[in-house]
Amino acid sequence: MWKEVRDREAGKILPRLFTSRVRSRRVAALQLSNHKEIISAHRGAINSIQVDLTEGRYLLSGASDASVAIYDIQQASDYGERGLIAKHRSLLFVDKQHEHGHKFAISSAIWYPIDTGLFITGSFDHDIKVWDTNTAQAIMAYKMPGKVYGTAMSSIATAHMLIAAGSADVQVRLCDIASGAFTHTLSGHRDGVMTLEWSSSSEWVLMTGGCDGAIRFWDVRQAGCFLVLDQLRSQLGRRPPLTENPLKKVNASRITPAGKNSARASPSHKRVLPGNAMKNSTASTKRHNFPRGSAAQRLHPGMSSSLNRATAHYGAVTGLRATSDGMYLLSSGSDSRLRLWDVESGCNTLVNFEAMRLQTSKPLQLAVTHDSSVVFVPCMTSIRAYHLWSGVTFQTLRGHYESVNCCYINWHDQEIYSGSNDRKILVWSPISSTVSEMEGESKAADQDNWSD
Amino acid sequence: MEMPPPPPPPEVTTPRLIEKATNSTDPEVDPRLLKAIKSAARFSDEEIRAAADALMDQMKKPHSQVRYLAVHVVDELFMRSKLFRAHFVVNLDQFLSLSVGFRKNLPLPPPSAIATNLRSKSIEILEKWNASFGIHYKQLRLGFDYLKDTLRFQFPNRIENAARMQQERRERQLRTMQILVNKFEDLKENFTSIKSDIQLTVDEIRECLGIATIEKENRLHFPPVDGEFEEPSSILLRQIRLESLKEGDKVHENSENKAIFDALRESYKLLTSKHLPSVQEWISVLVRVDATDNTFRDTALKEFIDIRNLILSVKKECSELGVSLGQNTARDEDEDLWEEGKVEAYEPSDHTLTEPSAKRRIEKSSSAESEFSVGEISSSVADRGKLLAEAPVLAWSPLLFDKWGSQSDVLANHRGLEVESHWGRVDPDAVIPAEKIAELNVHRAFYKEEPVEIRPCLAPLKKGGLCQRRDLRHCPFHGPIIPRDTEGNPIEQGLPAQACDEKHSEEADNELAEDESFNESTDLQLARQAVRNVRGRDREAKSLKRAKLARIRRHNEEVLRAAAIASTSYSAEALHDDGGAVKAKKATLASMLKKKVTARDRIADRLLNSRATDSSIRQLKLGEDSKYREAFPNQW
C-alpha cells in the first residue's frame, strides 16, 4: 500500500486509479464489523434499507412491523463494552403508534434523492407516504390499488419529481410530489410489479420487473414500454459483437418488421398522447443510450406481439439494479438466477453467476459497487458477492440467521449494510489494521489460552 | 461451506484424530484423544484450520452422537485458540443450526435422547462463549441474541443466576443486620429493666435457699424417704445406702418448707427457662451486631457475661442443694420406666419372649432388686441371675398362667356368659374334663426359621461402588459369593494350593520386609526366601511358555483371516461373524440408531395387527347381535 502511495506522489499512477485500487481492496476485505453496531429498533423483518445520497450519513430502514427508522451511520450514539463497540441507535422512529403511521408492513423506504428533508415509504396497506424528516410527519399520501411492493425515485432527475410505484396491481403508477397526484399509469405487466429502477443514465427511463417474469423499459415521456427484455436473446461478452451493425441486429431480431410497426404505432400515439410525437423526435436524437429507439417507440404497448410476451426470468423478477454508468442491468428472479443485461442491446450477456438460492416471495435489494466490479446478492441467510463480469463467487458474507432481504453498499466508506428477517441490520466493513492494533492492548481477553 | 474443503496436506494429523475421537459411543470424548488433539492443534496454524474444517465436517454427520462429541472438541479448542475462534465464528450460524437444530427444515438427527443432550450442551456452551468472547466476536453476539430473543430458547443463565444468588445473599445479610441493629436499639432502651428483672429472680432464689439451709441446720436427721430399705447384706446395697445417706444430708422437701420449695422451684424455672436463654441470645446479638455505639456494646456484653455467670452459679448452688426440679423428675421417670418394663415382661406384643427382652427383664429385676431389695429374692442376686440365664425362653401361651399341674375340671361357662336366650338346650353346669384341659394346654412350639444374614456380593462394579446384590451362593453377575475386602478384592480363603502358597509367600515376603527393616533375618526366613525364589523361577518359565503359545495362536489366526479375506467375501464374513460371536456385542454408532424393541412394542405387535383387530371387531359384533336378539326376541 505504501508503495502505491509513493507511486501516486511520483505521478506514476493516476489519483483515480489509486482510489479505485484502495476501494476495491477494501471491498475485497469485507467482513462482519465487530466495532460498529446498528441497534435495530424494528420488531419485524427489515425489508428495505438505503443510505441518503447527499451526505451518505443517514440510513433509512423500513420493516415489516410497519416501522421506519433513521440511523446516523457516521456518528455513534454511544460506545458499549469498554468503548470497543460503537452503537448506532435510531434518530427517528415511526411505527404504528404514530398518527400517520402505516398499518401494515413497509415494503420499501427510500430517500428523496435531492436532500434528506424527505423520505418516501410504500406499504402493504396500499399507501405511499411522503414524510418530512424533521417533523416526522407524513405530508403526502397516495392511495394505490394494491399492496405496494416497491418505490423508486430517479437520482439524476432534474426535470421531474416522480415516485415510481409498483404494487400488486398490474399497473405501474408514477406519483408526482409537486402536485400530489398520479401523473402516469403504465400498463403492460400481466402481474404485480415487484421491483422498479430508474435508469442511471437517462432520467426519463424507468425499468420495472414484474411477477410475470418480464422486465420492461418505459420512457415516461411516451406511452407504453419500449423494450421488454427477453432471456432468450443473448450475446456473448459485454458488448454486442462489433462486426455486426448493432442497429441491424436489433431490427433483425424483431419479429415484426420495423416499417409495419411505425405504420401501426404512429396513429395510436397521436390518439393517446397528442403532444408526445413532436417531443419524440427531439428526444430520440438526444438519447444516445437508445439508438434503436425509433423502432422500439412505435411498438404499441397493448399489442399482442410475441416480443411483448418475452420474459426475463422464469417466475417473478424480484430485484433490479442498474450499474452506476447505466449501461448494464442486473436482475434476480424467483428462478434463483441472476442475469446481467446489456441495456443498450437489450440482450442477456450470459454471465453465469454461480449457483445460488434466492428468496422468492419478497423483493430483493441488490447492491453493485460503483466501479461495476462486484455485485452483492442476498442469498437466503447469507450475502454473496459475485464478480460482475465472470460470475465467480468472490465472497460469502454470513452472519444473519434468517433470510436477508436487502443490502446496500456505502461506496464512500466501503461498507455494506444488510437487513434481514431476523430483525437485525448488520454492518459489514473492511478489516482495519489500525483498529486491530489499537484494540491489541485492550483485547487481553481474546488470546490463546493453551493450559495443556 | 458449499465447496468441499481442500484435502489437507499429509502431515496434518488433527482431522484423523478428530474423526477417531468422534467415532465413539461414550458420552465423553476419550480424554487421551482430546489431549492428543489439543497438542496436535497447538503445533501449527495449519493444524488448527484443518481441525476447524474437520470438526465442521463431523458436525454435518447425520448422527447426534458424532455431533455431540464434535461439540465437545469444538468447545475445548474454542476456549483455547484465538485462531480457531476467528476461523470458526465465520460459520457459526451453520454450526448452531447443526448443533442446536433451530431450523425447522434441519432437525437434529437420531438418536433423540442424545439429540436433546446435544441441544442443551450447545446452548450452554454458546452462553459460555458469549460471556467470555462476546465482545470480540459479533457473530457470537448475533447467534446468542437470535436464539435468546427471536427463538426464545431457554439459556441456563449461569452468570446471571450466580449474580442473583449473590444479590439475594447480600440482601439477606442486610436484613439480618437490620434486625440485629433493631434488637440492639431495643436492648439499649430496656437494658436496665432486663438486668433488674434477672437480679430480682436471682435474689429471690438466694433468699429461698438461705431460708431452706437455715431450717435444715435446725432440723434433726430425717429418716430416709419411703421405699428405701436398708439391707446391709451386699456391697451393692451398701453403696446404695451411702448414696442415700448423702441424699439425706441434703435439704428435703416436706410439709413445713413446702411453700419455700414451691417458690424456689418457680423462680428456678423462670431463671433456667427464660432468663438464661434470653441472656445467651442477647450475648449473641451483641457479638454479631455491627453497631456504631461500641462503648455501650462492650459494657453491655461484659455485664451480660457477668449475669450469665451469676445465673450459672445460682443454678449450681441449687443443684448442689438438691432442690432442682430436674433431679426430681429424673427419679420419677426412672420409676415409671420400671413399671412399664414389668408390664412389658408379662405381655409382650409379639407373644414371644425374645432374647433381648428377656435380658431386659433380667436387668430390670436386678435393678429392682438393687433399689428395693425385696425379701423373697434377696437370697442371692447371683443365683437368681444364673437361674434366669438357664431358664428356657417360652412363647406366650395360656400354659404360662398359674394353673401349672392343676388336675381339676373346669366349668365350660366359667365366665358366666348369658346363654339363656339361645335356642336349644343349655347346660349351665357343663364341665370340661381335666384330661381335655391338659390336652388343650399341651405346650406347642412353632418352628421358626433362624434369620440368616445374606451377605451382599460386594464385587466391584464398573461404574464404581460395590455390587449390593444379595444372593445365597451365586451372584448371577459376579459368580460365586466370596468374602471380599472393602475395595471388592476377594479375600482368598481355602483356595487351591498354589494360590495359598502365593499368599503365604506374600505374607512371608511382607514379614521378611518388616524383619529386614529391623535387621533381624533368621534361618527360617532365609529358607522361605529360597523356596520362594525357586517357585518364582518355575512360574516365570511357565508364563513364558504360555505367552509363546499365545503368540503363535494369534499369528495363526491373523494369517487365516488374511487368507479368508483374500479368498471370498462370504468366508470373510463368516470368519468375522465367528469372531463376533465369541466377543461380546460391542455398541456402535449404527446400533445407537436402532430402535430398542420394548415390551410395549411387542404387545402392540400382537394386539394391533390386522388379524387381531379384525377378530376382535367380529367378536364385538357377535356380542352385540346376541344382546339385541336377547333384548327383542320377538323381532326378526
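The values are calculated or read from the model by the stated rules, or taken from the named source; none is laboratory data. Predicted, not measured: the structure shown is a model, and the values here were computed from it. Neighbour counts run over all protein chains shown; Cβ positions are idealised from the backbone, glycine included. Please note that ligands, DNA and RNA were not included when accessible areas were found on the heavy atoms of the full protein model with its side chains. Shrake-Rupley method; radii C 1.70, N 1.55, O 1.52, S 1.80 Å.
Mind telling me which of the residues B:Ala70, B:Ala86, B:Ala40 ends up being at pLDDT below 90, under 24 Å from B:Glu124 (Cβ atoms) and of a type outside the set (Ser, Thr, Tyr)?
On the way: B:Ala70 fails: at pLDDT below 90; B:Ala40 fails: under 24 Å from B:Glu124 (Cβ atoms).
Selected residue: B:Ala86, the only one of B:Ala70, B:Ala86, B:Ala40 that is at pLDDT below 90, under 24 Å from B:Glu124 (Cβ atoms) and of a type outside the set (Ser, Thr, Tyr).
Quick check on the range A:92-108: of everything there that is small (Gly, Ala, Ser) and in a loop (DSSP other than H, G, I, E, B), which residue is nearest to the other protein chains (Cβ to nearest Cβ)? Walk me through how you get there before you give the answer.
Here is the first cut: in the range A:92-108, the ones small (Gly, Ala, Ser) are A:101, A:105, A:107-108.
With in a loop (DSSP other than H, G, I, E, B) added as a condition, the list becomes A:101, A:105.
Values: A:Gly101: 23, A:Ala105: 17 Å.
Per the stated criteria, the residue is A:Ala105.
Among the residues of the range A:137-144, are any open to solvent by 10 Å² or more (accessible area, probe 1.4 Å) and either part of a loop (DSSP other than H, G, I, E, B) or within 20 Å of A:Arg321 (Cα to Cα) (or both)? Show your work before the answer.
Initially, the range A:137-144 is screened for residues open to solvent by 10 Å² or more (accessible area, probe 1.4 Å), giving A:137-141, A:143.
Keeping just the survivors that are either part of a loop (DSSP other than H, G, I, E, B) or within 20 Å of A:Arg321 (Cα to Cα) (or both) gives none.
Checking the range A:137-144: not a single residue is open to solvent by 10 Å² or more (accessible area, probe 1.4 Å) and either part of a loop (DSSP other than H, G, I, E, B) or within 20 Å of A:Arg321 (Cα to Cα) (or both).
Confirm whether B:Ser81 is on the phi < 0 side of the Ramachandran plot, facing chain A (nearest Cβ under 8 Å), of a type in the set (Gly, Ala, Ser) and crowded, with 19+ Cβ neighbours inside 10 Å.
Values: on the phi < 0 side of the Ramachandran plot: yes; facing chain A (nearest Cβ under 8 Å): yes; of a type in the set (Gly, Ala, Ser): yes; crowded, with 19+ Cβ neighbours inside 10 Å: yes.
The answer is yes for B:Ser81.
Name the pairs whose Cβ atoms lie under 7 Å apart, with the first residue in the range B:517-544 and open to solvent by 80 Å² or more (accessible area, probe 1.4 Å), the second at pLDDT 85 or above and in a helix (DSSP H, G or I), and 6 or more positions between them or separate chains?
Here the result reads none, with nothing in the range B:517-544 linked to a residue that is at pLDDT 85 or above and in a helix (DSSP H, G or I).
Determine, yes or no, whether B:Ala445 is among the small types (Gly, Ala, Ser), in contact with a Leu (Cβ under 9 Å, 6 or more places away or on another chain) and at pLDDT 80 or above.
Values: among the small types (Gly, Ala, Ser): yes; in contact with a Leu (Cβ under 9 Å, 6 or more places away or on another chain): yes; at pLDDT 80 or above: no.
Taking the combined requirement at face value, the residue does not satisfy it.
Considering every residue within the range B:15-25, establish whether at least one is within 14 Å of chain A (Cβ to nearest Cβ) and buried (at least 16 other Cβ atoms within 10 Å of the Cβ).
Within the range B:15-25, the first condition is being within 14 Å of chain A (Cβ to nearest Cβ), and the residues that meet it are none.
Checked the range B:15-25: no residue is within 14 Å of chain A (Cβ to nearest Cβ) and buried (at least 16 other Cβ atoms within 10 Å of the Cβ).
Could you please find all residues in the range A:320-338 being of a type outside the set (A, V, I, L, M, F, W, C) and either within 14 Å of the chain's Cα centre (by Cα) or open to solvent by less than 10 Å² (accessible area, probe 1.4 Å) (or both)? Steps first, answer last, please.
Within the range A:320-338, the subset of a type outside the set (A, V, I, L, M, F, W, C) is A:321, A:323-326, A:328, A:331-337.
Within the range A:320-338, A:Arg321, A:Thr323, A:Ser324, A:Asp325, A:Gly326, A:Tyr328, A:Ser331, A:Ser332, A:Gly333 qualify.
Could you please give the count of residues in the range B:98-113 that are open to solvent by less than 30 Å² (accessible area, probe 1.4 Å) and either touching a Cys at 6+ places or on another chain (Cβ under 6 Å) or assigned to a helix (DSSP H, G or I) (or both)?
Here the count works out to 2.
Among the residues that make up the range A:30-53, is at least one of them open to solvent by 30 Å² or more (accessible area, probe 1.4 Å) and among the acidic types (Asp, Glu)?
no
Consider A:Val375 carefully, then state whether it is surrounded by 18 or more Cβ atoms within 10 Å (Cβ to Cβ) and either over 28 Å from A:Ser64 (Cα atoms) or of a type outside the set (Asp, Glu) (or both). It would help to see each step written out before you state the result.
Details: surrounded by 18 or more Cβ atoms within 10 Å (Cβ to Cβ): yes; either over 28 Å from A:Ser64 (Cα atoms) or of a type outside the set (Asp, Glu) (or both): yes.
Judged against the criteria, A:Val375 is a match.
Go through the range A:162-194 and give me each residue that's crowded, with 19+ Cβ neighbours inside 10 Å, assigned to a loop (DSSP other than H, G, I, E, B) and either hydrophobic (A, V, I, L, M, F, W, C) or in contact with a His (Cβ under 8 Å, 6 or more places away or on another chain) (or both).
The answer is A:Val170, A:Gln171.
What pairs can you find where one residue is in the range B:314-327 and among the basic types (Lys, Arg) and buried (at least 17 other Cβ atoms within 10 Å of the Cβ), the other is outside any loop (DSSP other than H, G, I, E, B) and at pLDDT 70 or above, and their Cβ atoms are less than 8 Å apart, with a gap of 6+ or different chains?
So the pair list comes out as B:Lys315/B:Tyr268; B:Lys315/B:Leu271; B:Lys315/B:Thr272; B:Lys315/B:Leu276.
Which of (1) assigned to a loop (DSSP other than H, G, I, E, B); (2) surrounded by fewer than 19 Cβ atoms within 10 Å (Cβ to Cβ) does B:Val29 not meet, given it meets every other one?
Of everything listed in (1) assigned to a loop (DSSP other than H, G, I, E, B); (2) surrounded by fewer than 19 Cβ atoms within 10 Å (Cβ to Cβ), B:Val29 misses just condition (2).
So is B:Lys20 charged (D, E, K, R), within 20 Å of B:Ala587 (Cα to Cα) and in a loop (DSSP other than H, G, I, E, B) or not? Outline the logic, then answer.
Values: charged (D, E, K, R): yes; within 20 Å of B:Ala587 (Cα to Cα): yes; in a loop (DSSP other than H, G, I, E, B): no.
Criteria not met by B:Lys20.
Does A:Gly399 count as over 25 Å from A:Ala41 (Cα atoms), buried (at least 23 other Cβ atoms within 10 Å of the Cβ) and more than 16 Å from the chain's Cα centre (by Cα)?
On the way: over 25 Å from A:Ala41 (Cα atoms): no; buried (at least 23 other Cβ atoms within 10 Å of the Cβ): yes; more than 16 Å from the chain's Cα centre (by Cα): yes.
No; evaluated as a whole, the condition is false for this residue.
It is to be established whether one or more residues within the range B:179-195 are open to solvent by 60 Å² or more (accessible area, probe 1.4 Å), more than 14 Å from chain A (Cβ to nearest Cβ) and closer than 30 Å to B:Gln94 by Cβ.
No, that holds for no residue.
Please work out which one of (1) within 23 Å of A:Cys347 (Cα to Cα); (2) of a type outside the set (D, E, K, R); (3) touching a Gly at 6+ places or on another chain (Cβ under 7 Å) is the condition A:Val220 fails and give its number.
(3)
Being part of a helix (DSSP H, G or I) and either open to solvent by less than 20 Å² (accessible area, probe 1.4 Å) or at the interface with chain A (Cβ under 8 Å from one of its Cβ atoms) (or both) is the filter here; which residues of the range B:84-97 pass it? Write out each step before concluding.
Filtering the range B:84-97 for residues part of a helix (DSSP H, G or I) gives B:84-89, B:92-97.
Answer for the range B:84-97, where residues must be part of a helix (DSSP H, G or I) and either open to solvent by less than 20 Å² (accessible area, probe 1.4 Å) or at the interface with chain A (Cβ under 8 Å from one of its Cβ atoms) (or both): B:Phe84, B:Arg85, B:Phe88, B:Val89, B:Leu92, B:Asp93, B:Gln94, B:Phe95, B:Leu96, B:Ser97.
I need every pair where a residue in the range A:147-169 that is closer than 15 Å to A:Phe119 by Cβ has its Cβ under 6 Å from the Cβ of a residue that is open to solvent by less than 50 Å² (accessible area, probe 1.4 Å) and among the aromatic types (Phe, Trp, Tyr), sequence separation at least 6 or different chains.
A:Ala152/A:Trp198
Is it the case that the range A:72-89 has a residue that's under 24 Å from the mean Cα position of the chain (by Cα), small (Gly, Ala, Ser) and crowded, with 16+ Cβ neighbours inside 10 Å?
Checking the range A:72-89: not a single residue is under 24 Å from the mean Cα position of the chain (by Cα), small (Gly, Ala, Ser) and crowded, with 16+ Cβ neighbours inside 10 Å.
When you scan the range B:430-442, how many residues do you find that are in a loop (DSSP other than H, G, I, E, B) and either open to solvent by 80 Å² or more (accessible area, probe 1.4 Å) or among the hydrophobic types (A, V, I, L, M, F, W, C) (or both)?
The number of residues fulfilling the criteria is 2.
Can you tell me how many residues within the range B:268-296 are in contact (Cβ under 8 Å) with a residue 12 or more places away in the chain and under 46 Å from the mean Cα position of the chain (by Cα)? Don't jump to the end; show me each part of the working.
Step one: of the range B:268-296, the residues in contact (Cβ under 8 Å) with a residue 12 or more places away in the chain are B:268-272, B:275-276, B:278-280, B:282-283, B:285-291, B:293, B:296.
Applying the additional criterion that residues be under 46 Å from the mean Cα position of the chain (by Cα) yields B:268-272, B:275-276, B:278-280, B:282-283, B:285-291.
Total meeting the criteria: 19.
A:Thr369 - would you say it is in contact with a helix residue (DSSP H, G or I) (Cβ under 8 Å, 6 or more places away or on another chain) and either within 30 Å of A:Thr19 (Cβ to Cβ) or basic (Lys, Arg) (or both)?
Details: in contact with a helix residue (DSSP H, G or I) (Cβ under 8 Å, 6 or more places away or on another chain): yes; either within 30 Å of A:Thr19 (Cβ to Cβ) or basic (Lys, Arg) (or both): yes.
Against the criterion (in contact with a helix residue (DSSP H, G or I) (Cβ under 8 Å, 6 or more places away or on another chain) and either within 30 Å of A:Thr19 (Cβ to Cβ) or basic (Lys, Arg) (or both)), A:Thr369 qualifies.
Looking at the range B:566-583, can you tell me whether even one residue there is at pLDDT below 80, outside any helix (DSSP H, G or I) and within 48 Å of the chain's Cα centre (by Cα)? Talk me through it step by step, then tell me what you get.
Initially, the range B:566-583 is screened for residues at pLDDT below 80, giving B:566-583.
Keeping just the survivors that are outside any helix (DSSP H, G or I) gives B:568, B:583.
From what's left, within 48 Å of the chain's Cα centre (by Cα): B:583.
Among the residues of the range B:566-583, at least one is at pLDDT below 80, outside any helix (DSSP H, G or I) and within 48 Å of the chain's Cα centre (by Cα), which makes the answer yes.
Can you name every residue in the range A:379-406 that is over 20 Å from A:Thr318 (Cα atoms), more than 13 Å from chain B (Cβ to nearest Cβ) and small (Gly, Ala, Ser)?
A:Ser390
Restricting attention to the range A:56-91, which residues are over 16 Å from A:Tyr417 (Cα atoms) and away from chain B (no Cβ under 14 Å)?
If the condition is that a residue be over 16 Å from A:Tyr417 (Cα atoms) and away from chain B (no Cβ under 14 Å), then A:Ala66, A:Ser67, A:Ser77, A:Asp78, A:Leu91 are the ones that fit.
So, in the range B:142-154, how many residues would count as being open to solvent by 30 Å² or more (accessible area, probe 1.4 Å) and either of a type outside the set (D, E, K, R) or in contact with a Gly (Cβ under 6 Å, 6 or more places away or on another chain) (or both)?
Residues that pass the stated criteria total 4.
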